[in-house]
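Peer 1: First the structure, then my questions, so here it is.
What follows draws every value from the coordinates through simple rules; no lab data is involved. What you see is a predicted model, and the numbers here were worked out from it, not measured in a lab. Positions of Cβ are generated from backbone atoms using ideal geometry, with glycine treated the same way; all protein chains shown enter the neighbour counts.
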Amino acid sequence: MVAMSITLSVVVCTHNRWKTLKTCLESLAAQQLDFSLWEVVVVDNASTDETKDVVQGFSKGILPLQYIYEERLGLSRARATGFRNSRGRYVAYLDDDAKAHPGWCAAICQTFDQNAATDPGRVAALGGPVELAFETERPPWLTAELELFYSRVDLGRAVRSFPPHSCPVGANMAFRREILQRHPWDENLIMCEDVELFNRIAADGFTFLYAPAMRVTHFVPAARCTVEWLIRRYYAEGLDQKNLRHGFLPKARLLVRAVLELLRSGVLLLFGDKDRRLFHRCKITLQIGSLEGFLNTRGRSTVFRERFNPTKSR
C-alpha cells in the first residue's frame, strides 16, 4: 500500500557511475522541500564499482533514501523496479549524471498540485528545462538541432503544454502514480523506453506539462563530444524504432516514413545548407538503422549490440 504521507518519490537509476551519482545525490540533499514529504529510491542496476558505498554514505541521515539492487541489466527494468519500490503520490526520474536545482522537488509537487485543482486528471506527466554541462569544451559542430540528442530542453519561462509530438526527456520527468500503474514500463526495451511510454500515455488522451522551475543540469562527458558517438547514437535509436510501435499499421507507417525521410535527408545533404550537413547525415544514419531494424527478423539486431552498448551510454 502506498503511504500517502509521501508526496514525491525520486527514482535514480544507475550503472557503474558512482562519481556522477554522488554529485546527483548531493543535489538532492540540497533540495528545498521538507524531507518528511519525499523519498529517494536509488536503483543500482548491476553496478560493479563503488555505487553501493556512495549510496550508503547518503543514507546515514543525509537523505530519506532506500537502496535497491536490480541484477537484470536494462534502464527500463531499473525504472520499473524503482517505481515498484516507491511510495509517493508523484514519481520523478532523475538521471544519475544530472544535478537537480534546489527548487526541483518543490516545483514538481507544486505544479502537480496546482494542476489537480484547475484541470484534474488530464495532465499525466511533467518535464522541465535541461541545461548541458560539458566535461570539455563544447563541440563547435553542436547545433541546437543536435542538442536534442543530449537531452537539452528549453521551452521558455512559463508553464505550458509540451508541443504536439513532443514529450519530457528521461533525464528530467515526473508522473502521477496512477499513470504508471495504468501504463507500466516496457521492460523488454533496450532504449527509448521513455518515448515509448509517453507515446502510449498520449494515445490514451493525456497531456504533458512543461514546468520551468523543474530545472536540472545534465553532464556531458568528453566521450560523447565526438561526431562518431553522435552518429552511433542515431544509428542505435533507428535500430530500436520498430519496438516503439505496436501493431501492423503503425509499424508499416514507420517503415514508409523511414524510406521517405532517407530520401529527403539525402537530397538535403547534397544540396541543402552546408551548416546543417551533419544533422542531415545523422538523420540518414537514423533511417538506415530503422530500416535495418525492420529487415532483421530477430527481436534485436546483433549489429546494435556490437556497435552500441546501451549500458555504457545510459
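Peer 1: Rank these for me by crowding, Met173, Met214, going from fewest to most other beta carbons within 10 Å.
Peer 2: Met173, Met214
Peer 1: Identify the GluC sites (Glu not before Pro) of the range 1-100 meeting these criteria: DSSP loop state and at most 13 other C-beta atoms within 10 Å of the C-beta.
Peer 2: Sparse-neighbourhood loop GluC sites (Glu not before Pro): Glu71.
Peer 1: Further question: Can you give the angle from 0 to 90° between the axis of helix 277-295 and the longest principal axis of the chain, with both taken from C-alpha atoms, to the nearest 10?
Peer 2: Its long axis makes an angle of about 90 degrees.
Peer 1: Using the alpha-carbon centroid of each, what span in Å lies between the range 139-155 and the range 103-137?
Peer 2: Distance between centres, Cα-based: 20 Å.
Peer 1: P(r) for the chain: what percent of alpha-carbon pairs falls in each 10 Å bin, starting at zero?
Peer 2: Per 10 Å bin, starting at zero, the Cα-Cα P(r) for the chain comes out as 6, 26, 35, 24, 8, 1, 0 percent.
Peer 1: Using the Karplus curve 6.51 cos²θ - 1.76 cosθ + 1.60 with θ = phi - 60°, what ³J(HN,Hα) values do you get for each residue of the range 199-209, in whole Hz, with x for Gly and Pro?
Peer 2: 4, 5, 5, 5, 5, 8, x, 8, 10, 10, 9
Peer 1: Loop-only check: which trypsin sites (Lys or Arg not before Pro) in the range 18-98 are DSSP coil with at most 12 other Cβ within 10 angstrom?
Peer 2: For trypsin sites (Lys or Arg not before Pro) across the range 18-98 that sit outside H, G, I, E and B with at most 12 neighbouring Cβ atoms in 10 Å, the list reads Lys60, Arg72.
Peer 1: If you don't mind, there's one more thing I want to ask. Quick query: amide H of Cys13 versus all other amide H atoms, modeled in the peptide plane; which residues come in under 5 Å with a sequence gap of 5 or more or a different chain?
Peer 2: Correct list: Val43, Leu94, Asp96.
Peer 1: With viscosity set to 0.890 mPa s and temperature to 25 °C, compute the Stokes-Einstein D of the range 147-210, Rh being the Kirkwood radius across alpha carbon pairs; µm²/s, no decimals.
Peer 2: It diffuses with D of about 192 µm²/s by this estimate.
Peer 1: To the nearest 10 degrees, how steep is helix 227-239 against the longest Cα principal axis of the chain, on a 0 to 90 scale?
Peer 2: Tilt relative to the chain: about 90 degrees.
Peer 1: How large is the convex hull of the C-alpha atoms of the range 86-199 per residue, in Å³?
Peer 2: Once divided by residue count, the hull of the range 86-199 is 141 Å³.
Peer 1: Counting alpha carbon pairs within less than 8 Å and at least 6 residues apart, what relative contact order, in whole percent, applies to the chain?
Peer 2: 19 percent
Peer 1: Still on this model: Determine the gain in length on full extension of the stretch Arg253-Asn188; use 0.36 nm per residue of separation and subtract their C-alpha separation, reporting nm with one decimal.
Peer 2: 21.2 nm
Peer 1: Let me ask something additional. Could you work out how far helix 104-118 tilts from the main Cα principal axis of the chain, as a 0 to 90 degree angle to the nearest 10?
Peer 2: Around 90 degrees separate the two axes.
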